[in-house]
Amino acid sequence: MKIWNPQYECMSRDEMHKLQSERLIATVNHVYKNVPFYKKRMDGMGILPGDIKSIDDLIKLPFTYKEDLRDNYPFGLFAVPMRDVVRIHASSGTTGKRTVVGYTKDDIEMWAEVMARTIASAGTTKDDIFQNAYGYGLFTGGLGAHYGGEKIGAAVVPISGGNTKRQIEIMTDFGSTIISCTPSYALYLAESIEEGKIKREDIKIKAGLFGAEPWSESMRKDIEKRLNILAIDIYGLSEIIGPGVSTECEKQCGLHISEDHFVPEIINPDTEEVLPYGEEGELVFTTVTKQALPLLRYRTKDISSLNYDTCECGRTLVRMNKVTGRTDDMLIIRGVNVFPTQIESVLLDLGETAPHYQLVIERKGTMDTLEVQVEMTDKLFADEVKKVEELERKLKFNIESTLAISCKVTLVEPKTIARSEGKAKRVIDKRNI
Ligand code: DLL
């Protein structure tokens with residue numbers, strides 16, 4: 001399959017080292033000058049931009065945490081004036097506040113470039129019809145993939161997420177050849193196609209770009225078999241750019257990181273020590289070309305490992321292994337990032353229930369379901385059923401508008417949710433992904 005940009009994707013390790021070094025130095029100067037937060041943090045550690053002479057000095061730099069973005073909400077970490085920002089996206093934060101990210105024109109161009117690499121790695125060319133079923137909006141998936149598809153010259157169908165009947169109709173009528181969506185939605189599509197009247201021969205999809213949530217090898221096999229396509233894993237996070245941070249190639253043996261833009265490290269999440277190549281730990285990224293929101297050593301909380309061996313596909317870009325989990329309690333339900341604390345805030349804000357709750361997540365068929373079980377207070381328990389139902393509806397509405405995904409709320413009798421002596425067990429994830 002054609003490599004989109006061999007100059008960068010197949011660069012020698014020495015050249016990459018030199019390029020990353022130059023770009024890191026420029027980035028450190030940029031943030032030190034333009035982001036008071038970084039100046040303060042570097043001053044606090046006694047580090048000046050001049051101390052950073054190559055990419056090997058990365059370890060001298062401070063980490064950045066999701067909380068730093070929240071504490072500087074919404075635009076406090078932006079390194080350019082607002083007049084240079086041309087796009088703003090946002091994703092879930094740990095509590096009520098979202099994580100806000102901004103892009104300059106050059107950032108959007110770089111994003112389109114890394115997404116073109118990603119989309120091309122599934123074999124996409126100018127001749128393809130690319131059905132982009134990632135959500136458009138504040139989520140980075142839709143527009144991120146859109147610009148990459150256009151850069152390649154494919155005909156992008158900006159259908160966005162959901163509405164399965166319409167997805168299948170458009171897919172058949174337009175003759176879409178490439179699809180992008182979450183892997184769980186791909187399975188749902190497969191199931192809906194199997195149940196409907198349309199025959200597989202009437203569908204021309206040959207490959208799919210699936211990411212935004214963890215998925216296993218067995219899920220890949222299932223999708224590939226049922227849809228009869230090549231299923232490629234794509235990874236990214238809003239803070240670093242959105243989708244486009246890394247992608248599998250057709251060899252499906254790890255995700256190539258666009259490390260000319262995003263430099264990875266693997267650390268021990270507890271000691272923050274950098275781990276030797278190959279060991280599993282928390283992924284950390286430093287952006288080295290971003291203008292609006294450059295981040296130094298951003299702690300992703302995603303667990304993976306790195307592989308620097310040259311891949312059979314010819315790319316020299318380092319590969320990260322499939323993400324195996326997270327170091328925090330973030331859940332991804334139907335592609336939406338959910339922190340239990342967000343739900344807790346909604347419950348506490350309303351203050352009409354006991355502070356004991358549990359989240360039960362299941363995969364029914366191919367769809368994830370979320371049930372929020374909340375304990376009633378003794379007073380509420382003594383009330384009429386009508387009042388209880390009303391509160392369930394109100395909680396459901398508040399949670400759904402905070403999380404942007406549907407859920408079921410069940411008010412349970414007082415003292416029925418198991419108490420824990422240590423950390424409360426808030427999440428019962430029954431999905432077997
Ligand atoms: O999910 C960006 C994206 C969109 C990636 C479309 C791929 C496709 P966020 O909403 O900020 O951004 O969520 C980022 O999702 O830290 C991981 O925990 C998880 N994630 C993303 N891709 C994968 C993947 C987008 N391929 C968070 N495998 C990340 C496992 C993934 N987890």
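Below, the figures for the structure above:
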| quantity | calculated |
| --- | --- |
| Selection status of residue 351, of a type in the set (Gly, Ala, Ser), surrounded by fewer than 18 Cβ atoms within 10 Å (Cβ to Cβ) and not assigned by TED's automatic domain parsing to the domain that holds residue 117 | yes |
| Residues located in the range 356-383, provided they are touching a residue at least 12 places away in the same chain (Cβ under 8 Å), farther than 27 Å from residue 189 by Cα and either open to solvent by 40 Å² or more (accessible area, probe 1.4 Å) or not aliphatic (A, V, I, L, M) (or both) | 356, 357, 358, 373, 375, 377, 378, 381 |
| Breaking point among (1) within 13 Å of the ligand (Cβ to nearest atom); (2) buried (at least 19 other Cβ atoms within 10 Å of the Cβ); (3) of a type outside the set (Val, Ile, Thr), for residue 259 | (1) |
| Among residues of the range 394-433, those that are under 16 Å from residue 348 (Cα atoms) and of a type in the set (Lys, Arg), counted | 3 |
| Flag for residue 88 being among the hydrophobic types (A, V, I, L, M, F, W, C), within 12 Å of the ligand (Cβ to nearest atom) and either part of a loop (DSSP other than H, G, I, E, B) or at pLDDT 95 or above (or both) | no |
| Residues (open to solvent by less than 70 Å² (accessible area, probe 1.4 Å) and closer than 17 Å to residue 264 by Cβ) located in the range 40-60 | 54, 55, 57, 58 |
| Tally of residues being closer than 18 Å to residue 65 by Cα, open to solvent by 40 Å² or more (accessible area, probe 1.4 Å) and of a type in the set (Val, Ile, Thr) across the range 306-340 | 1 |
| Test for residue 315: is it in contact with a helix residue (DSSP H, G or I) (Cβ under 6 Å, 6 or more places away or on another chain) and closer than 23 Å to residue 212 by Cβ | yes |
| Search result, residues across the range 72-122 that are open to solvent by 10 Å² or more (accessible area, probe 1.4 Å) and either charged (D, E, K, R) or on the phi > 0 side of the Ramachandran plot (or both) | 83, 84, 87, 97, 98, 105, 106, 109, 113 |
| Tally of residues being crowded, with 22+ Cβ neighbours inside 10 Å, assigned to a helix (DSSP H, G or I) and modelled with pLDDT of 95 or more across the range 161-185 | 2 |
| Test: residue in the range 297-306 that is under 19 Å from residue 9 (Cβ atoms) and assigned to a loop (DSSP other than H, G, I, E, B) | no |
| Filter result for residue 211 (at pLDDT 95 or above, assigned by TED's automatic domain parsing to the domain that holds residue 113 and open to solvent by less than 40 Å² (accessible area, probe 1.4 Å)) | yes |
| Residues of the range 31-70 that turn out to be part of a loop (DSSP other than H, G, I, E, B) and under 26 Å from residue 90 (Cβ atoms), as a count | 5 |
| So residue 270, is it away from the ligand (no atom under 16 Å from the Cβ) and without any contact (Cβ under 8 Å) to a residue 24 or more places away in the chain | yes |
| Qualifying residue in the range 147-160 (condition: small (Gly, Ala, Ser), under 15 Å from the mean Cα position of the chain (by Cα) and surrounded by fewer than 22 Cβ atoms within 10 Å (Cβ to Cβ)) | no |
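So that you can scan it fast, the table gives a plain yes or no per residue for (1) among the small types (Gly, Ala, Ser); (2) away from the ligand (no atom under 15 Å from the Cβ); (3) assigned by TED's automatic domain parsing to the domain that holds residue 30; (4) in a helix (DSSP H, G or I):
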{"site": "78", "(1), (2), (3), (4)": "no, yes, yes, no"}
{"site": "101", "(1), (2), (3), (4)": "no, no, yes, no"}
{"site": "117", "(1), (2), (3), (4)": "no, no, yes, yes"}
{"site": "126", "(1), (2), (3), (4)": "no, yes, yes, no"}
{"site": "142", "(1), (2), (3), (4)": "yes, no, yes, yes"}
{"site": "147", "(1), (2), (3), (4)": "no, no, yes, yes"}
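The values are calculated or read from the model by the stated rules, or taken from the named source; none is laboratory data. Since we're looking at a predicted model, the values are computed, not measured. Virtual Cβ from ideal backbone geometry, glycine too; neighbours counted across all protein chains shown. Heavy atoms of the whole protein, side chains included, go into the accessibility calculation; ligands, DNA and RNA do not. Shrake-Rupley method; radii C 1.70, N 1.55, O 1.52, S 1.80 Å.
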